[in-house]
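Each value in this text was obtained by applying a stated rule to the coordinates, not by laboratory testing. Given the structure is predicted, the values throughout are model-derived calculations rather than measurements. We place every Cβ from the backbone using ideal geometry, glycine too, and count neighbours over all the protein chains shown.
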Amino acid sequence: MAEKPLKSSFELAMDRLKAKDKAEGVKEAAPLSKGQKERIAAVRAECAAKIAELEILHRKNVGGVADPAELAKIEEHYKIDRERAESKRDSEIARIHSGKS
């Protein structure tokens, strides 16, 4: 009788999670199509470009500021803009994953 090779702790944990999902009725996600993967890559590239643009503008805006209050205001605006770009990226990727795009 051939013995099965031993599973790693990661494989055992994944098996337990799959069994739990199956018991709870969670469906396994279908693999992404080539078109979906390409759209996700395009969304990520577009977001990376937007974040790079924001970083350049942020550095320019911070360069000549000596007032701590003004600097804090600029930092807050940069943080908000960056989070907005990342949130948009994540929602578009989720939409592509769900097949609604």
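Some points to look at:
- In the stretch 47-77, the residues that are free of Cβ contacts under 8 Å to residues at least 12 places away in the same chain and either touching a Cys at 6+ places or on another chain (Cβ under 9 Å) or under 20 Å from Ser91 (Cα atoms) (or both): Ala48, Ala49, Ala52
- For Ala13, the requirement of being in contact (Cβ under 8 Å) with a residue 40 or more places away in the chain and aliphatic (A, V, I, L, M) is not met.
- For the residues Leu54, Leu71, the requirement of being aliphatic (A, V, I, L, M) and surrounded by fewer than 14 Cβ atoms within 10 Å (Cβ to Cβ) singles out Leu71.
Per-residue answers, yes or no, for (1) part of a loop (DSSP other than H, G, I, E, B); (2) loosely packed, with under 12 Cβ neighbours inside 10 Å; (3) out of contact with any Ser or Thr (no Cβ under 8 Å at 6 or more places or on another chain); (4) among the polar types (S, T, N, Q):
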| site | (1), (2), (3), (4) |
| --- | --- |
| Pro5 | yes, yes, yes, no |
| Asp15 | no, yes, yes, no |
| Lys20 | no, yes, yes, no |
| Glu38 | no, no, yes, no |
| Val43 | no, no, yes, no |
| Glu46 | no, no, yes, no |
| His58 | no, no, yes, no |
| Val65 | yes, no, yes, no |
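- Any chance Leu32 is surrounded by 12 or more Cβ atoms within 10 Å (Cβ to Cβ), of a type outside the set (D, E, K, R) and either at positive phi or touching a Lys or Arg at 6+ places or on another chain (Cβ under 8 Å) (or both): no
- Test result for Gly25, loosely packed, with under 13 Cβ neighbours inside 10 Å, free of Cβ contacts under 8 Å to residues at least 24 places away in the same chain and either touching a His at 6+ places or on another chain (Cβ under 8 Å) or on the phi > 0 side of the Ramachandran plot (or both): yes
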